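A.B. asks: Before I ask anything, here is the structure I am working with.
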Amino acid sequence: MTYDTIVASVEDQIGIIQLNRPEALNALNDHLLSELAEVLKNFLKDDKVRCIIIAGGEKAFCAGADVNEMISREPRDILDRFTSSIFGLLRHCPKPVIAAVSGYCFAGGCELALACDMIVASETAKFGQPEINVGIMPGAGGTQRWTRTVGKARAMEVMLTGAPIDARKALEWGIVNRVAPVEELLNEAKRLAAAIAAKPAFAARMVKDAVLKAQDMPLESGLDYENRLFAMLFGTDDQKEGMRAFLEKRKPQWK
């Protein structure tokens with residue numbers, strides 16, 4: 001399918017979504033959010049897609065929400081706008097999702113990247129939550145995901161000053177998994193996605209589920225939850241095949 005604000009493709013079990021509003025630095029308007037959600041739903045239904053990449057352009061991953069649309073919003077318009085769109089879908093997405101970030105990654109764009117499971121950044125990437133500069137605050141998970149990742153003090157500084165951090169600092173703080181040259185960004189994200197896509201899909205889904213639950217559960221509850229998922233995997237064909245292949249010193253054929 002073709003879209004107005006994104007480009008979507010599938011390569012070797014990897015679903016690739018590229019934001020494509022360069023004239024607006026990929027700012028999130030209602031139309032882009034709707035198309036992004038539609039593509040993600042399609043990738044979730046496609047069993048051939050094992051891992052998903054969300055990328056932007058070289059100059060900007062996404063500069064945030066489109067202020068032209070936001071300025072006239074009322075509270076009732078905002079309340080469920082993000083949670084009912086791509087952000088809600090990513091929150092419950094069972095497949096691993098990687099953000100490939102170059103250039104500006106601000107406000108809602110930064111929240112979109114943080115809603116993914118991993119981030120590969122170019123050397124030019126800049127991350128920030130400048131909402132306070134226009135009289136608002138992050139509203140699509142920024143206060144929660146920054147704090148869980150970098151801690152209270154750093155999250156406070158990023159959001160109360162509105163000042164961005166660069167890719168190297170984001171790597172140091174644990175926001176980013178890898179930093180690559182601009183020209184290698186998408187290839188680096190594809191390499192990471194390919195390594196994940198080559199693993200057994202159901203086990204990968206259980207790993208993602210358990211890691212995300214670790215952010216919400218006390219340790220004791222999280223350990224019990226992990227143990228139940230671990231036991232469940234012993235009822236799968238992939239567990240039998242993986243262990244036989246290990247003993248027979250051959251590459252496993254995942255079901």
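A.B. asks: What does the charge dipole of the chain about its Cα centre add up to, to the nearest 20 debye, if the Cβ of each Lys and Arg holds +1 and the Cβ of each Asp and Glu holds -1?
C.D. replies: Dipole size: approximately 900 debye.
A.B. asks: Would you mind checking which residues have amide H under 5 Å from Cys51's amide H? H placed 1.01 Å from N; only 5 or more apart, or other chain.
C.D. replies: Amide H to amide H, under 5 Å and 5 or more residues apart or across chains, Cys51 pairs with Gly15.
A.B. asks: So, by mean Cβ neighbours within 10 angstrom, what's the order for 14-23, 215-224, 41-50 with the highest one leading?
C.D. replies: So the order, starting with the most tightly packed, is 14-23, 41-50, 215-224.
A.B. asks: State the dimensionless ratio Rg/Rh of region 38-190 (Rg: radius of gyration of Cα atoms; Rh: Kirkwood radius).
C.D. replies: Checking Rg against Rh, the ratio lands at 0.96.
A.B. asks: Quickly rank 25-33, 199-207, 55-63, 98-106 as a protection proxy: mean count of other C-beta atoms within 10 Å, highest first.
C.D. replies: 98-106, 55-63, 25-33, 199-207
A.B. asks: Using only the Cα atoms of region 162-255, what do you get for the radius of gyration and for Dmax, in Å?
C.D. replies: My reading of the Cα-based Rg and Dmax gives 17.8, 56 Å.
A.B. asks: Separation of region 103-166 and region 173-217 by C-alpha centroid, Å?
C.D. replies: Distance between centres, Cα-based: 19 Å.
A.B. asks: Report, in deg cm²/dmol and to the nearest 500, the calculated mean residue ellipticity at 222 nm for the chain, where each DSSP H run with n ≥ 4 adds -39500 (n - 2.57) and the sum is divided by the residue count.
C.D. replies: -13500 deg cm²/dmol
A.B. asks: Could you run the Debye sum over the Cα atoms of region 78-158, one equal point scatterer each and no solvent, and tell me log10 of I(q)/I(0) at q = 0.14 Å⁻¹, two decimals?
C.D. replies: So the normalised log intensities work out to -0.46.
A.B. asks: In addition: What ³J(HN,Hα) values, in whole Hz, does the Karplus curve 6.51 cos²θ - 1.76 cosθ + 1.60 give for region 225-231 when θ = phi - 60°, with x put for Gly and Pro?
C.D. replies: Those phi angles translate into 5, 4, 4, 5, 5, 4, 5 Hz.
A.B. asks: Under the Karplus relation 6.51 cos²θ - 1.76 cosθ + 1.60, θ = phi - 60°, what is the ordered set of whole-Hz ³J(HN,Hα) values for region 243-250, x standing for Gly and Pro?
C.D. replies: Ordered by residue, 3J(HN,Hα) equals 6, 5, 4, 4, 5, 8, 6, 9 Hz.
A.B. asks: Can you send over the solvent-accessible area of Val67, 1.4 Å probe, protein chains only, in Å² to the nearest 10?
C.D. replies: Using a 1.4 Å probe on the heavy atoms, I get roughly 90 Å².
A.B. asks: Quick one: what are the phi-derived ³J(HN,Hα) couplings along region 177-190, Karplus 6.51/-1.76/1.60 with θ = phi - 60°, whole Hz, x for glycine and proline?
C.D. replies: Listing the rounded values in order: 7, 9, 10, 10, x, 3, 5, 10, 4, 5, 5, 5, 5, 5 Hz.
A.B. asks: By how many degrees, 0 to 90 and rounded to 10, does the Cα axis of helix 201-214 deviate from the longest principal axis of the chain?
C.D. replies: With rounding to tens, the tilt is 50 degrees.
A.B. asks: Quick check: convex hull over the Cα atoms of the chain, volume per residue in Å³, rounded to an integer?
C.D. replies: Enclosed volume per residue, from the Cα hull, is 143 Å³.
A.B. asks: Which residues' amide hydrogens lie under 5 Å from the amide hydrogen of Val101, considering only partners 5 or more residues apart or on another chain, with H built in the peptide plane?
C.D. replies: HN-HN under 5 Å from Val101: Val120, Ala121, Ser122.
A.B. asks: Of the listed pairs Lys41/Lys199; Lys199/Lys240; Lys45/Lys208; Lys48/Lys240; Lys169/Lys199, which have alpha-carbon separations greater than 20 Å here?
C.D. replies: Too far apart for the 20 Å limit: Lys41/Lys199; Lys48/Lys240; Lys169/Lys199.
A.B. asks: I would also like to ask the following. Given points 7 Å out from each Cα along the Cα-Cβ axis, report the Asn227 to Ile132 separation in nanometres with one decimal.
C.D. replies: 4.4
The values are calculated or read from the model by the stated rules, or taken from the named source; none is laboratory data. Everything numeric here is computed off the predicted structure, so don't read it as measured data. Positions of Cβ are generated from backbone atoms using ideal geometry, with glycine treated the same way; all protein chains shown enter the neighbour counts. Please note that ligands, DNA and RNA were not included when accessible areas were found on the heavy atoms of the full protein model with its side chains. Shrake-Rupley method; radii C 1.70, N 1.55, O 1.52, S 1.80 Å.
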